[in-house]
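Enquirer: I have a structure here, written as C-alpha cells, and I will follow up with some questions on it.
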Amino acid sequence: MQPRKLIMWDKICMWQNRVFSTTIARSNEDGVNFLPKMPQFNHTPSPYNGPSASDLIQRRNQYLPTFVNTYYNHPLNLVEGKMQYVYDENGRRYLDAFGGIATVSCGHCHPDVVEAIVNQTRLLQHTTVLYLNHNVVDFGEALAAKMPGELKVVFFTNSGTEANELALMMARLYTGCHDIISIRNGYHGNATSTMGVTAQFYHKFNVVQTGVHHVLNPDPYRGVFGLDGAKYANDVQDIINHGTCGHVAGFVAEAIQGVGGVIELAPGYLPAVYSIIKKAGGVFIADEVQSGFGRTGSHFWGFEAHGIVPDIVTLAKGIGNGAPIGAVVTTPEIAKVLKYAYYFSTFGGNPVCAAAGLAVLNVIEKDKLQQNAYVVGSYLKDRLNSLMEKHEIIGDVRGRGMLLGVELVKDRKLKTPVKDENMQILEQMKDMGVLVGKGGFYGNVLRITPPLCFNKEDADFLVDVMDYTMSKM
Ligand code: PMP
C-alpha cells in the first residue's frame, strides 16, 4: 500500500516542471529556452491511499489476462479525473487528449453528470424494462428529438458492440436477407456479428463470421482512388453483383473510422453507397459510436456531414460520458421486427445510466460542447497541420472537430508507416503530461479524441509537446 499522500497543486506544478526541465528542456531555433507549460487548472486532487501501480501490475498479472495491453512502459495508475485532466497515484496531472477512447464527452466527472448519477443511484439503481421509470423514457425522448426523419424508436444497450449486434440483427430480420456490407478497416465490436463486419485481422478471432462482404476503404490518404468517393462506391455495387443474390440486408459504416486511424470517408462516397444499398433492398446503418454527440463539431451526428439519413443509428461511448450505455435508434417500421420474439436486456435502459445519458445531452447543450469541438478542434487541426510543415514524420493530419488523427510515416512519398516511433512519441508525450491514443491498421496514427471541453490553451500545450517530442527524434 502507498503511504497517505497529499500533494498540493503548486507542489505538483513544481514537480512537473522539475521533471520536464531535467528530461526535456531544450532550445528553439533562436537558442531561447522554451518549455511547453501545462495550462493552469484549479483543482487539487484528493489524497490517494490505494495500491500503487507496481502492486496493481503484480496482482493484475496474477488474476487478469496479461495479454490485454496497457499503454506505456510503466502503465499509468489513474486515480482521479476532472474535466480534461486526469491524475495518477502521485497526484501528477495529465492532459487527457484521448478521453478514455473518445468516451469522455463532457469532461471527467462533470458535476452535472455526477450529480445525475449519484441522485438516481440514491433513489433507485435498477429496475429492468419490466417496470416504468421516467429516466429511461426521458432519455429515449431526448435522444429521438436529436435524430432526423423517422428515427424515433430507441433501444438501450450496454455497449457499442451490443448496439451494433442488435442493429445488424434488425437489418437481417427486416429485409429477410443475410448479407451485410461493411468497409475494410472499420471497427464495430467484438461479438459474433460485429466481429464479422469489423475488418482488421487483429480484431478478429478464428470463429465463423458469415454473410459479410468487406468493400474497398474510401481512404483519401491511402486508398486507391484518393478523394474520389464515387469510384470507391462502385466496389459496393460490384460486391452486390458478384458476391450476393442481388439483395442485401444492409451496409454499416462509421462516418469517420476511429480505431482504423481516424479516416474520413472520401467525399461523395456515402451518398453514392446509400442509393446502391437502397436499390439492393438493404438498410443503412450509421455507427456513431465515436463520431456522435457533437464530437465532429460541424454536426451533432457524423452522418449529417454526408447528407444522408440512415435507417438505423448505433450509439455508445460519448453517450454516457463513461457510464456503460449504448443505444440503437431506428424507425417504427424497422423496430417492429423485434416484436416477433421476446427482446430483452437486463441493463439496457438502466435508470442510472439513462440519467447519466440525459445529463450528457443537457451538458452538451448548456456548455456548448459541439460548438467548442468545432472551434477548438479546427484550431487544433490547423496547428497540427502547421506541425506537419516542420516534421517530415507527419504524413497526414485528418479528422474533424475533436476526432483527429496524425499519421506517422518514415517516408512521405512512399507513406511507409513508422514502426516504433509512434510508441516513443506516445511515451514521451505522457512524460511531458499529455495522453494521446494510437490506432490505424499499422498502429502508426496518433489519435486525439479529448473530452469536448478541451480549450485552446490545451490544444497549444498538446501541439507544443508533440513538437518537442518530434524534434527529439
Ligand atoms: N463501433 C465503433 C465505431 C467503435 O469505435 C467501438 C469501440 N471502439 C465499437 C463500435 C464497440 O463499442 P464497445 O467497445 O462499447 O463495445
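Enquirer: Between beta-carbons, use under 14 Å as the cut-off and find the net charge around G377, counting Lys and Arg +1, Asp and Glu -1.
Expert: Spelling it out: positives minus negatives among the neighbours equals +4.
Enquirer: Here's a follow-up. Using a Cα-Cα cut-off of under 15 Å, which aspartates and glutamates could be cross-linked to K390, ignoring same-chain neighbours fewer than 8 residues away?
Expert: Once the sequence-local aspartates and glutamates are set aside, what remains near K390 is E29, D382, E407, D411, D464, D467.
Enquirer: Over the range 54-198, with the other protein chains present, what is the accessible area per residue in square angstrom, probe 1.4 angstrom? Present the calculation step by step, with values, prior to reporting the outcome.
Expert: Numbers: 6940 Å² over 145 residues.
Dividing the accessible area of the range 54-198 by its residue count gives 48 Å².
Enquirer: On to the next question. Can you list residues from other chains, or at least 5 along the same chain, whose modelled amide H is less than 5 Å from the amide H of Y85?
Expert: Residues meeting the criterion, in which the H sits 1.01 Å from N, are D96, H108.
Enquirer: Might you report the magnitude of the Cβ-based charge dipole of the chain about its Cα centre, with Lys and Arg at +1 and Asp and Glu at -1, to the nearest 20 debye?
Expert: So the dipole magnitude of the chain works out to roughly 540 debye.
Enquirer: Explain nothing, just the number: dipole magnitude of the range 111-366 about its Cα centre with +1 on each Lys and Arg Cβ and -1 on each Asp and Glu Cβ, in debye rounded to the nearest 20.
Expert: Details: 15 positive and 20 negative charges, 55 e Å.
So the magnitude is around 260 debye.
Enquirer: Amide H neighbours of G349 under 5 Å, counting only residues 5+ apart in sequence or on other chains, H built in-plane at 1.01 Å?
Expert: Long-range HN contacts for G349: T157.
Enquirer: How large is log10 of I(q)/I(0) for the chain at q = 0.06, 0.09, 0.10, 0.13 Å⁻¹ when the intensity is taken from the Debye formula with one equal scatterer per alpha-carbon?
Expert: One equal scatterer on each Cα of the chain leads to -0.27, -0.62, -0.77, -1.27.
Enquirer: A further question follows. Give me a comma-separated list of calculated 3J(HN,Hα) values for the range 47-62, in order, Karplus coefficients 6.51, -1.76, 1.60 applied at θ = phi - 60°, integers in Hz, x for any Gly or Pro.
Expert: So the J values, rounded to whole Hz, are x, 10, 10, x, x, 7, 4, 5, 5, 5, 4, 4, 6, 4, 5, 7.
Enquirer: Amide H of L265: which non-local residues (sequence gap of 5 or more, or other chain) have their own amide H closer than 5 Å, using H built in the peptide plane?
Expert: Q257
Enquirer: Place +1 on the Cβ of every Lys and Arg and -1 on the Cβ of every Asp and Glu in the range 111-366, take the dipole about the Cα centre, and give the residue among P267, I312, A355 whose Cα lies farthest towards its positive end.
Expert: Going by the charge dipole, the pick is I312.
Enquirer: Rounded to the nearest 5, what % of the DSSP beta bridges within the chain are antiparallel ones?
Expert: 70 percent
Enquirer: Per residue, how big is the convex hull of the range 111-366 when only Cα atoms are used? Give it in Å³.
Expert: On the way: hull volume 32.3 nm³, N = 256.
Cα convex hull per residue, to the nearest whole number: 126 Å³.
Enquirer: Hey, another quick one. Give a residue-ordered list of calculated ³J(HN,Hα) values for the range 388-402 (Karplus: 6.51 cos²θ - 1.76 cosθ + 1.60, θ = phi - 60°; whole Hz; x for Gly, Pro).
Expert: Here the 3J(HN,Hα) series is 5, 5, 8, 10, 4, 5, 7, x, 7, 10, 8, x, 9, x, 10 Hz.
Enquirer: Counting Lys +1, Arg +1, Asp -1, Glu -1, what net charge surrounds V259 among other residues with beta carbon under 13 Å of its beta carbon?
Expert: +3
Enquirer: If the cut-off is 26 Å between C-alpha atoms, which lysines fall inside it for K152, apart from same-chain ones fewer than 8 positions away?
Expert: Correct list for K152: K278, K279, K317, K336, K339, K366, K368.
Enquirer: Helix 351-366: angle to the longest alpha-carbon principal axis of the chain, degrees 0 to 90, nearest 10?
Expert: Tilt of helix 351-366: around 70 degrees.
Enquirer: Write out the trypsin sites (Lys or Arg not before Pro) in the range 155-220 meeting two conditions: DSSP loop, and at most 13 other Cβ atoms within 10 Å of their Cβ.
Expert: When the trypsin sites (Lys or Arg not before Pro) of the range 155-220 are filtered for loop state and at most 13 Cβ neighbours within 10 Å, K204 remain.
The values are calculated or read from the model by the stated rules, or taken from the named source; none is laboratory data. No experiment lies behind these values; they were computed from the predicted model shown. Note that we place each Cβ from the backbone using ideal geometry, even for glycine, and neighbour counts take in every protein chain shown. With ligands, DNA and RNA removed, areas are computed over all heavy atoms of the protein, side chains included. Shrake-Rupley method; radii C 1.70, N 1.55, O 1.52, S 1.80 Å.
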